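Let me begin by presenting the structure, written as structure tokens, before commenting on it.
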Amino acid sequence: MELISMGQKAVKAKYELQKLTREVKNRALLSCADALIAKGDTILAANKIDVEQGIANGMHPGLIDRLTLTEKRLEDMATGLRQIADLEDPIGETLECFDRPNGMHISKV
């Protein structure tokens with residue numbers, strides 16, 4: 001899939017995700033965390049191929065390091081997803097309100 005196409009789909013998806021309840025979003029986050037662990041062997045095998053191709057194509061060693069997944073990195077990613085699920089949902093939260101001199105009320109949500 002092309003990056004432009006992926007980006008366009010992400011923009012469309014963000015509006016749908018905003019409509020989801022906190023419970024639904026948290027279930028998705030926790031499911032992703034569980035899948036990272038359950039499918040770890042498959043993910044690591046595919047990642048190994050990506051890393052090998054990156055090395056063969058002369059990718060910078062720093063980028064290779066960022067690309068390389070390990071069991072620890074997968075566990076850390078799963079932990080991060082679980083931590084996000086524990087956070088308060090910021091969607092719809094009012095961050096700031098003020099009135100303009102012309103009487104217009106502005107809310108930053």
Fill in the blank from the handout: With every protein chain kept in place and a 1.4 Å probe, segment 36-109 has an accessible area per residue in Å² of 79
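For the cross-link pairs 19/48; 19/108; 25/108; 19/72; 14/108, which exceed 27 Å when the distance is taken from alpha carbon to alpha carbon? Could you put the intermediate results ahead of the total?
Values: 19/48 37 Å; 19/108 18 Å; 25/108 23 Å; 19/72 33 Å; 14/108 18 Å.
Table pairs above 27 Å Cα-Cα are 19/48; 19/72.
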Fill in the blank from the handout: For segment 55-109, Rg(Cα) over 2.2 N^0.38 Å is 2.15
Handout entry: Fraction of accessible area attributable to carbon and sulfur, the chain (%, probe 1.4 Å)
Key = 59
Exercise for the section: Sort the following peptides by mean Cβ neighbour count (other Cβ atoms within 10 Å, averaged over residues), highest first: 62-70, 8-16. Expected result: 62-70, 8-16
Practice task
Relative to the longest principal axis of the C-alpha atoms of the chain, give the angle of the C-alpha long axis of helix 71-86, reported between 0 and 90° and rounded to the nearest 10°.
Solution key: 10
Exercise for the section: Treating the angle as unsigned and between 0 and 90°, give the value, to the nearest 10°, between the Cα long axis of helix 3-19 and the longest Cα principal axis of the chain. Expected result: 50
Problem - Order by protection proxy (mean Cβ within 10 Å, highest first), peptides 18-26, 71-79, 96-104 - result: 71-79, 18-26, 96-104
Completion exercise
When every protein chain stays in place and a 1.4 Å probe is rolled, 93, 88 sorted by accessible area with the largest first are 88, 93
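Using the 2.2 N^0.38 Å rule of thumb for compact globular proteins, work out how the chain stacks up: its C-alpha Rg over that value, please. It would help to have the intermediate numbers written out before the result.
Working: Rg = 19.9 Å, N = 109, 2.2 N^0.38 = 13.1 Å.
Compactness ratio reported: 1.52.
The values are calculated or read from the model by the stated rules, or taken from the named source; none is laboratory data. Computed from a prediction, not measured in an experiment: that's the story for all the values here. Because the Cβ atoms are built from the backbone with ideal geometry, glycine has one as well, and the counts that use them run over all protein chains shown. Ligands, DNA and RNA are excluded from the accessible area calculation, which covers all protein heavy atoms including side chains. Shrake-Rupley method; radii C 1.70, N 1.55, O 1.52, S 1.80 Å.
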